[in-house]
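Contents: one structure, followed by commentary.
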Amino acid sequence: MTHPLEHTLAAALTKRRELHRYRVRRTLESATGATARVDGKNFLLFCSNDYLGLANHPVLISAMQKAAEDVGVGSGASHLVCGHSRYHHQLEDRLAEMTGRDRALLFSTGYMANFGVIAALVGRGDAVFEDRLNHASLLDGGLLSGARFQRFAHNDVADLERRLQKTESGRKLVVVDHVFSMDGDQAPMAELVATSRDNKAWLMADDAHGFGVLGENGAGCADIFSQDDLPILMATLGKAIGGFGAFVAGSEMLIESLIQFARPYIYTTAMPPAVAAANLAALDLLESESWRRDKLQSLIQRFRQGAEQLGLPLMASDTAIQPLQVGPDDQALTMSWALEEKGILVSAIRPPTVPEGTSRLRITLSAAHSEAQVDQLLDALEDIARHSGMTA
Ligand SMILES: *Cc1c(COP(=O)(O)O)cnc(C)c1O
C-alpha cells in the first residue's frame, strides 16, 4: 500500500511537470571547466559560475591537499566550539584586507550568510527593503527575519526612496544583489549608497557574481565602495574564486554582532579547513594573474558582438552572465535541448527562479573558454535561432 504522503507529493510533482518546470540533475564525471564529461558525454560548458576557470586549477588542488595532510578533512565542530582553524582565520584576514574592511567572517555557504546576516540585523518592528530580482537566499532571509518585508521594482531607486520615506520606526535595511544572478545587470550602487544614507537605512550588497571578476583589483564593488558607503558586504567563494563558502565583511562591530547573533554562523560545522586553504590559494592567483579578468572581459565583448549581429535577444548585461531571454518555458527548454544535441550545455532558467514569461537561456562565460569555443556557441545559437524563429 502506498503511504498517503505519496499521493499528496505526486500531485505537486505532476503539476510541475505539466508546467515544463520539472528539474533534473545531471551527473558530472570530470572536473568542471570549459568542457566537462556529463552523463557519459563530453560537452562544452556555458552554465557554470567558475568565471575565472579556477575550480580545477593545480594551485588550488595542491593547497587543498597540503592543508588536508596538515590538519585533516573535517573541521570537527562549529567555529565557536573548536572548529575555527588557522586556515579559516588567515582567509578571513585576507578577505578583510582585499575588500578594505575592518574584518571578514566566513560562512559555510552564501545561502547561510545571507540568511544569517539579515535575521541578525533586523527583526520584529524593523523593515527590510529588497530589489524584487534579488537572489532567493536574500528574499528568504528577509521574509523569515520577522521584519516588515518589502520588495521594490528592479533597480528603481525612486521606488525604494518612496518606500523608505513612508517607514518611520525601527531599523531599515536595504538589500540588493550587486550583480543580478539571472540577468547579469548591476545595481545602481552609487545611488543606493546615497539614498540609504539620506534615509538612515543600512545598505547590504551581495556580490556573489562580482567578487573576483569586477573592479580594479577584482574585489568587486568593494573596490569602489568603502565600508562607510557600503557597511554590509557579502560575497561567495564558490563562483569566480573556484572554491566554496562565503563571507561577510564590514566593521568590527558588525562582525562581532554576527559572531554573537547570526544563527546560521553559530549552529553549523565550520567548512573543512582545507577548503579555506584552497580559497586562499585562489586569492593569490587573483592577484598574480589579472589576465584572467581581462580575458573574461574580451570574451564577453566577443559574445555580445556576435549575438547582436545574429539578432539574438541579449539582456542589458556586461558581466559574465549573458542570458538570452526566450519567454515561454517550453521554448527555453527546447532550445537548451537543441544546444545539448550540439554538445553544448546551457541551462534553461524558468519560474519560480525568474518571473513568469521571462524564461531564458542563462549563458555564462569563463576565462577558461577560448575564442573558438565562444564562436562555436554562437554558431550553434545561429542555427537554433533560425529554426525556432528566436530574435531580439
Ligand atoms: C550563488 C549565490 C548565493 C549562494 O551562495 P552559495 O555559496 O552557493 O550558497 C547567494 N547569492 C547570490 C547572488 C548567488 O548567486
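For segment 356-381, filtering for residues that are surrounded by fewer than 22 Cβ atoms within 10 Å (Cβ to Cβ), more than 22 Å from A55 (Cβ to Cβ) and in contact (Cβ under 8 Å) with a residue 12 or more places away in the chain leaves 5. The set of residues from segment 78-91 being away from the ligand (no atom under 16 Å from the Cβ) and within 20 Å of G218 (Cβ to Cβ) comprises just one member, Q90.
Do the conditions hold for A205, that is, is it under 24 Å from E287 (Cα atoms), within 16 Å of the ligand (Cβ to nearest atom), free of Cβ contacts under 8 Å to residues at least 40 places away in the same chain and of a type in the set (G, A, S)? So A205 fits the description; yes. Just wondering, is there one or more residues in segment 311-324 that are free of Cβ contacts under 8 Å to residues at least 40 places away in the same chain, closer than 19 Å to D50 by Cα and in contact with a Ser or Thr (Cβ under 7 Å, 6 or more places away or on another chain)? Within segment 311-324, none of the residues are free of Cβ contacts under 8 Å to residues at least 40 places away in the same chain, closer than 19 Å to D50 by Cα and in contact with a Ser or Thr (Cβ under 7 Å, 6 or more places away or on another chain).
When D183 is tested against (1) assigned to a helix (DSSP H, G or I); (2) within 16 Å of the ligand (Cβ to nearest atom); (3) among the charged types (D, E, K, R), only condition (1) is not met.
Is it the case that S196 is crowded, with 24+ Cβ neighbours inside 10 Å, among the polar types (S, T, N, Q) and either outside any loop (DSSP other than H, G, I, E, B) or within 13 Å of the ligand (Cβ to nearest atom) (or both)?
So S196 fits the description; yes.
As for segment 120-128, it holds no residue that is closer than 24 Å to G218 by Cα and modelled with pLDDT of 95 or more. Can you find a residue in segment 128-143 that is surrounded by 19 or more Cβ atoms within 10 Å (Cβ to Cβ), over 17 Å from S257 (Cβ atoms) and more than 21 Å from the chain's Cα centre (by Cα)? Among the residues of segment 128-143, not one is surrounded by 19 or more Cβ atoms within 10 Å (Cβ to Cβ), over 17 Å from S257 (Cβ atoms) and more than 21 Å from the chain's Cα centre (by Cα), which makes the answer no.
The values are calculated or read from the model by the stated rules, or taken from the named source; none is laboratory data. Predicted model, so just to flag it, every value in this text is computed and none were measured. Positions of Cβ are generated from backbone atoms using ideal geometry, with glycine treated the same way; all protein chains shown enter the neighbour counts.
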